[in-house]
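Accompanying notes for the structure given below.
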Amino acid sequence: MAEVELRYFAAAAEAAGRDTERVETDAATVGALATLVAERYGPAMARIIEKGSLLSDGIVVRDTGRPLGARLDVLPPFTGG
Amino acid sequence: MDLATSPRYARQRILPGFGTEGQRRLADARVVVIGAGGLGSAVLPALAAAGVGTLVVVDPDVVDETNLHRQTLHGPGDVGRAKVESAAERLAEIAPELRVVQVALVFDARSAAEIVAGADVLVDASDNAAARFAADDAATAAGIPLVWGSALRFSGQAGVVWGAHGVDYRDLFPEPTDDPDTCEVAGVLPTVCTTIGGLMATEVLKLLTGVGTPLVGSVIDVDALTGAMRRLDFARDPDRDTSGPPTRPAAPQAAPQAATPAPDADAGIEPDELAAVLRSDTPPLLLDVREPWEVEAAALPGATVIPLGELPARIAELDPGLPTVVYCHHGVRSARALDLLRQAGFADARHLRGGIDSWSRAVDPSVPRY
């Protein structure tokens, strides 16, 4: 089990009902944890994860097979003005 | 009349590190702002009033009545007019000397190079991902920083990316995606635009004057519902392949030199390397380009002090044949000083990466950080 800090921004925070949380997880990869988060918070979060961006320890995730780090940021697309 | 010394700017000119030189840099600057909507309505008047010399305003849209609650550049009488036209009128009232270039075009890969040519800073205050990624490519091709912002519902974000300094927008979002959320369907609190636009204008002023540390590689996230601001830092994936096209357009031909050019990769020296060469038998000349009040706050022993604003007039006091290391607070002004030194024929000149602040952190904690 590893402890990971999750930070949710903008619409992701709305979907999660929180800005941040710490989770104990068996997930080994970024993708596995993202799937758990999407299942937990429902379709709005699933869409954000699909359309937005994940940063693992400050580095954008291009390969969801990347091993999980200490922190994962969930960002919706930054649009509107 | 020299506007740089006008009382109009007195309250910003007295700020540490700003001065008449900072004001002149604003007057000489050309800033391209994509979007004369909600964010543009905060960014453009702020830059005009602060004394930026040329603003290129890019927006293909006409004013719609639903824009007016947040797009305060435009009034009810402007509904149906081109946004660039109504924006230019309002900006001329704020700053009659300002040159406004109206570009009623979509900012995309085709139009980008010509619009961005000669700009010092690119600002993306648009509302869509297509413009954001086109702006990212154009800024990288031109070697200039991109200040970006977004606002939707009750929250917004702002930040700076600068490919020449190692991070672009694709290090935050790898690809544009079609997000169905727009202000039209999701709404936006007007003052989120004001807040984010204010952050964006601040970054432009910092980049142009060299004051402070720009938000390169960072995002400020604002949640209006709680009043909380959070900062997110990001970096380039060391494994990212940036070698090829497909997305980089050609650099604009004969683009004038940016006011804040990126130093070449080998022009920087790390604090620990500098400490080593200072201990060697042939130490370089240390040149401090900060303001006198900063030198009082913290300094490196033996440094020659010439504030950046005085350097062009006083460069003859220095010997171009000597190895020289220039430093400032965070490494922004020193990069500019380095350009001046190189133009003046200094063959062996480098600048301290991260400035005296990085020296305090990496080499000598007894040097105060300020």
Can you find a residue in the stretch B:57-67 that is crowded, with 24+ Cβ neighbours inside 10 Å, among the aliphatic types (A, V, I, L, M) and closer than 23 Å to B:Phe133 by Cβ? yes
B:Arg99 modelled with pLDDT of 95 or more, surrounded by fewer than 22 Cβ atoms within 10 Å (Cβ to Cβ), out of contact with any Lys or Arg (no Cβ under 8 Å at 6 or more places or on another chain) and more than 14 Å from every other protein chain (Cβ to nearest Cβ): yes
Filter result for the condition that a residue is farther than 23 Å from B:Tyr9 by Cα, within 14 Å of chain A (Cβ to nearest Cβ) and crowded, with 17+ Cβ neighbours inside 10 Å, over B:Leu44, B:Leu73, B:Leu39: B:Leu39
Residue within the stretch B:177-191 that is β-branched (Val, Ile, Thr), open to solvent by less than 10 Å² (accessible area, probe 1.4 Å) and either closer than 26 Å to B:Ala50 by Cα or within 10 Å of another protein chain (Cβ to nearest Cβ) (or both) present: no
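Can you tell me how many residues within the stretch B:143-169 are among the charged types (D, E, K, R) and more than 8 Å from every other protein chain (Cβ to nearest Cβ)? Let's see the steps before the verdict.
Let us first name the residues in the stretch B:143-169 that are among the charged types (D, E, K, R), namely B:153, B:168.
Applying the additional criterion that residues be more than 8 Å from every other protein chain (Cβ to nearest Cβ) yields B:168.
So the count comes out to 1.
Name the residues in the stretch B:126-142 that are among the small types (Gly, Ala, Ser) and within 14 Å of chain A (Cβ to nearest Cβ), would you?
From the stretch B:126-142, those among the small types (Gly, Ala, Ser) are B:126, B:129-131, B:134-135, B:138-139, B:141-142; that's our starting set.
Across the stretch B:126-142, the qualifying residues are B:Ser126, B:Ala129, B:Ala130, B:Ala131, B:Ala134, B:Ala135.
Restricting attention to strands (runs of 3 or more DSSP E) lying wholly within the stretch B:206-316, give those where 1 or more residues are within 14 Å of another protein chain (Cβ to nearest Cβ) and at pLDDT 80 or above. Walk me through how you get there before you give the answer.
Values: elements: B:218-223, B:228-233, B:285-288.
Correct list: B:218-223, B:228-233.
Is the stretch B:3-16 home to any residue that is within 30 Å of B:Arg290 (Cβ to Cβ) and within 15 Å of the chain's Cα centre (by Cα)?
Within the stretch B:3-16 (the criterion being within 30 Å of B:Arg290 (Cβ to Cβ) and within 15 Å of the chain's Cα centre (by Cα)), the answer is no, since none of the residues qualifies.
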So A:Phe78 fits all but one of (1) of a type in the set (Phe, Trp, Tyr); (2) open to solvent by less than 20 Å² (accessible area, probe 1.4 Å); (3) more than 17 Å from B:Phe173 (Cβ to Cβ); what number is the exception? (3)
Output the number of the condition that A:Arg22 fails; it satisfies all remaining conditions of (1) within 9 Å of chain B (Cβ to nearest Cβ); (2) modelled with pLDDT of 95 or more. (1)
Go through the stretch A:47-67 and give me each residue that's more than 8 Å from chain B (Cβ to nearest Cβ) and either within 9 Å of the chain's Cα centre (by Cα) or open to solvent by less than 40 Å² (accessible area, probe 1.4 Å) (or both). A:Ile48, A:Ile49, A:Leu54, A:Ser56, A:Val61
The stretch B:340-370, residues that are on the phi < 0 side of the Ramachandran plot and part of a helix (DSSP H, G or I): B:Leu340, B:Leu341, B:Arg342, B:Gln343, B:Ile356, B:Asp357, B:Ser358, B:Trp359, B:Ser360, B:Arg361, B:Ala362
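The values are calculated or read from the model by the stated rules, or taken from the named source; none is laboratory data. Quick caveat, the model's predicted, so the values are computed rather than measured. Note that we place each Cβ from the backbone using ideal geometry, even for glycine, and neighbour counts take in every protein chain shown. For accessibility, only protein heavy atoms count, side chains too; no ligands or nucleic acids. Shrake-Rupley method; radii C 1.70, N 1.55, O 1.52, S 1.80 Å.
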